[in-house]
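Below is one structure, written out as structure tokens, with a few remarks after it.
The values are calculated or read from the model by the stated rules, or taken from the named source; none is laboratory data. Values in this document were obtained by computation on a predicted structure and should not be read as measured data. A quick note on method: Cβ atoms are made from the backbone with ideal geometry, for glycine too, and the neighbour counts reach across all protein chains shown. Keep in mind that these areas ignore ligands, DNA and RNA; they rest on the heavy atoms of the full protein, side chains included. Shrake-Rupley method; radii C 1.70, N 1.55, O 1.52, S 1.80 Å.
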Amino acid sequence: MNGKPKLAVFKFASCDGCQVSVLNLEEELLALAERVDIAFFLEATSRIDPGPYDVALVEGSITTEEDVERIHRVRAASRTLVTIGVCATSGGIQALRNTADVEAWKREVYPHPEWIRALPTSTPISDHVKVDAEIQGCPVNKHQVLRVLLRALLGATPDLPGASVCMECKRRGQVCVLVAKGSPCLGPITRAGCGALCPSLGRDCYACFGPADDPNPASLAERLQQLGVSRRDVVLRLRGVAGWRPEFRAVADRLEGGRD
Ligand code: SF4
Ligand code: SF4
């Protein structure tokens, strides 16, 4: 239409928090809007451009048959597809149902469970289509989104950190809550990107940025049990918001099965 690259933002099963993080870019978003054509972003505009798009940001997990069909249409229309947030990259908190009886949960939660049409699982976008980059977080770090977006528009590969939250603690001189207070911090296995937000407030990390590159959750699980955390509580921590990621799930399954 105007020679600018086309950007689209799509939502699947999610709370919209990652899209709100994109909107929170505020001044940077205005500058971005001068350089790209925001072709589809229902959280921000009623415009519906059918594409194709140069870059699509995708929030949310796949939880219905309609989602399965729609994500394939989004993929077909998008040159570069970037997933944003832990729902899109791991299945999110709604993936708790993946290890439960979803029909029983529907009966517990909804007065009319027969009206609910949902798959028995919540799965990440990468289980269904090719994904070019994943930005983890609950919600995402808006500056990471902007950086990946600009690089994607320039045709460059994303440069997301692979190190753990512990690295961010060290960089900001943060006292370790695991060592100093014995708190069950998941920072050693969690991807950097939040600036060690929770430890900076004296709290333990619960892994909302998903697994770091090459994490060792088995070793951390052992250490947490040495600190007095029960096996069940270690399992529950690993089965948190990013619990469906294979790196965390494998260890949680093993502990739950009593094999560690
Ligand atoms: S507080 Fe947590 S994230 Fe920070 S260094 Fe300690 S274990 Fe790592
Ligand atoms: S410290 Fe952990 S739980 Fe807290 S915001 Fe960062 S990644 Fe998420």
Yes or no: Val20 within 23 Å of the chain's Cα centre (by Cα) and assigned to a strand (DSSP E or B)?
no
Of everything in the range 135-151 that's within 19 Å of the chain's Cα centre (by Cα) and farther than 14 Å from Cys208 by Cα, which residue is farthest from ligand 2 (Cβ to nearest atom)?
Leu149
Selection from the range 117-130 of residues that are free of Cβ contacts under 8 Å to residues at least 60 places away in the same chain and surrounded by 13 or more Cβ atoms within 10 Å (Cβ to Cβ)
Ala118, Leu119, Thr121, Ser126, Val129
Check Ile116, Ile189 and return the single one that is hydrophobic (A, V, I, L, M, F, W, C) and closer than 29 Å to Ala76 by Cα.
Ile116
Which count do you get for residues in the range 44-88 that are open to solvent by less than 10 Å² (accessible area, probe 1.4 Å) and either part of a loop (DSSP other than H, G, I, E, B) or aromatic (Phe, Trp, Tyr) (or both)?
2
Sort out which residues of the range 181-192 are of a type in the set (Gly, Ala, Ser) and near ligand 1 (Cβ under 8 Å from one of its atoms), and write them in order of number.
Ser183, Gly187
Helices (runs of 4 or more DSSP H) fully within the range 170-244 counting 2 or more residues that are polar (S, T, N, Q) and surrounded by fewer than 23 Cβ atoms within 10 Å (Cβ to Cβ)
217-226
Residue count, the range 159-169, condition within 16 Å of the chain's Cα centre (by Cα) and part of a helix (DSSP H, G or I), comes to 1
Read through the list (1) modelled with pLDDT under 95; (2) under 26 Å from Leu29 (Cβ atoms), then give the number of the only condition that Arg172 fails.
(2)
Among (1) modelled with pLDDT of 90 or more; (2) touching a Pro at 6+ places or on another chain (Cβ under 9 Å); (3) more than 16 Å from ligand 1 (Cβ to nearest atom), the one test that Ala152 misses
(1)
